[in-house]
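Written below as structure tokens is the structure these notes are about.
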């Protein structure tokens, strides 16, 4: 193995055994046809590996360079194997990425190279946008694919700097099981998709909204079984509001509940994005012809926002990382993680990535999806944070032969990611190592089933995402007026997006 220490070879063999018997993770995917899994006889080996439907080619050592943009330096588990400047620890994720890369490299005769770029501007500009823009405008490409934040990709797509993935033969319209179909449907505009999410990377699983709860505190305060509440489809905003009014202890007697006190919830302002989405709220939806329409305000969404505000306005029971700047020496996030780890908050409302940050807590914790609006809602919806989450894209303007090669490699990496990367990340790193009970594993399956994002959110339409943040500290009943103030701008921006996608 090129990038990981040789000891990892043993780990690969051991983990391969786990992978072969692990249940597969699906994301709103119809069951595969019988052609996708070959079963010989009871005495023969069962082949359950996914295989990309691509030509048998040999590119004779051609470099395939993936531009991977990160918000901070020093990624412990880089998406595509790292840029070779850092010796990576041979953990399950790095080994799985390296194994995935090696299989594709040998099959297609390519060398997969990651080009890392640190870009703190993940909201639709910065050095990543400039690099892709420069490559397209000059027709000089030193990378073949680009993985960056969903905010950045939406801006690049609207500017026509990305290739429409639906038009590439060997990506098969992103219909194969290693592409997240729920995500694809959310970001498809006018039949075009400029970036894709799937088993080619694990970052989006990490960036998905999830709630952690302290089992000991739930028992201490006689809170009903949360797992059964989820199963019964009774996990709603009303239930969260009831549970919220459980813990509020001003331990330093300063008249304010902060991270040094005890509260029911620790979280961040991004909670409102994820909670609005989990209740079915969308800034942009699709009409009967699958065209995008402005949908952030409705009578139902007004009720959703009022209930969320009831919860998020209650400073006696909730502590936000965003309000702890005066206390932070490293990051405000670390303060609320420590609050949960030390048992000073009963629930941490964040993302799947939080599991790894607090996995060494001395008490048992569990995992839940975000609640629904009410019991009439059919499904739980899990929000993919567009600042943290990444997706894969191809810069626009390459010749047909190059595009064919890139799409073949991209499709093959997706298939082998489903074989190698997703089982190790989801089944081993999350389910077996970090989740502490079978019920939490069940909840992770529920969370993963409908992971998506709102196109209006990731395109930062008219500043509506910031407006949602503002509602945390705004009076109830102000949603409509704030919506109206941005409506004309939003409709103009949405028309521009439609026009761009129609070209």
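Of note:
- Set 318, 283: member being surrounded by 15 or more Cβ atoms within 10 Å (Cβ to Cβ) and within 17 Å of residue 466 (Cα to Cα): 283
- Boolean, residue 211 is modelled with pLDDT of 95 or more and either in a strand (DSSP E or B) or loosely packed, with under 13 Cβ neighbours inside 10 Å (or both): yes
- The stretch 362-386: number of residues that are surrounded by fewer than 18 Cβ atoms within 10 Å (Cβ to Cβ) and under 27 Å from residue 78 (Cα atoms): 0
- Out of 318, 311, 394, sole residue that is farther than 23 Å from residue 444 by Cα and outside the structural domain of residue 227 (by TED's automatic domain parsing): 394
- For residue 418: the one exception among (1) touching a helix residue (DSSP H, G or I) at 6+ places or on another chain (Cβ under 7 Å); (2) closer than 24 Å to residue 199 by Cα; (3) at pLDDT 95 or above: (1)
- Condition met for residue 103 (surrounded by 15 or more Cβ atoms within 10 Å (Cβ to Cβ) and either outside any strand (DSSP E or B) or at pLDDT 95 or above (or both)): yes
- Meets criteria (in the same structural domain as residue 323 (by TED's automatic domain parsing) and part of a helix (DSSP H, G or I)) for residue 425: no
- Residues in the stretch 137-150 that are surrounded by 22 or more Cβ atoms within 10 Å (Cβ to Cβ) and assigned to a helix (DSSP H, G or I): 1 in all.
The rows are residues; the columns are (1) assigned to a helix (DSSP H, G or I); (2) surrounded by 15 or more Cβ atoms within 10 Å (Cβ to Cβ); (3) at pLDDT 65 or above.
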| position | (1), (2), (3) |
| --- | --- |
| 19 | yes, yes, no |
| 63 | no, no, yes |
| 69 | no, yes, yes |
| 74 | no, no, yes |
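- Residue in the stretch 398-416 that is in contact with a strand residue (DSSP E or B) (Cβ under 6 Å, 6 or more places away or on another chain), surrounded by fewer than 24 Cβ atoms within 10 Å (Cβ to Cβ), in contact (Cβ under 8 Å) with a residue 12 or more places away in the chain and in a loop (DSSP other than H, G, I, E, B) present: no
- Qualifying residue in the stretch 470-479 (condition: under 22 Å from residue 183 (Cα atoms) and modelled with pLDDT of 95 or more): no
- When residue 326 is tested against the conditions (1) more than 25 Å from residue 450 (Cβ to Cβ); (2) in contact with a helix residue (DSSP H, G or I) (Cβ under 9 Å, 6 or more places away or on another chain); (3) surrounded by fewer than 20 Cβ atoms within 10 Å (Cβ to Cβ), the lone failure is (2).
- There is at least one residue in the stretch 425-436 that is surrounded by 23 or more Cβ atoms within 10 Å (Cβ to Cβ) and closer than 30 Å to residue 57 by Cα.
- Test for residue 245: is it surrounded by fewer than 18 Cβ atoms within 10 Å (Cβ to Cβ) and either over 24 Å from residue 349 (Cα atoms) or assigned by TED's automatic domain parsing to the domain that holds residue 317 (or both): yes
- Checklist (1) surrounded by fewer than 18 Cβ atoms within 10 Å (Cβ to Cβ); (2) in contact with a helix residue (DSSP H, G or I) (Cβ under 6 Å, 6 or more places away or on another chain); (3) farther than 18 Å from residue 306 by Cα applied to residue 252, failing item: (2)
- Residue match in the stretch 468-489 (condition: closer than 30 Å to residue 192 by Cβ, in contact with a strand residue (DSSP E or B) (Cβ under 9 Å, 6 or more places away or on another chain) and part of a helix (DSSP H, G or I)): yes
The values are calculated or read from the model by the stated rules, or taken from the named source; none is laboratory data. Computed from a predicted model, the values in this text were never measured in an experiment. Positions of Cβ are backbone-derived with ideal geometry, glycine not excepted, and every protein chain shown enters the neighbour counts.
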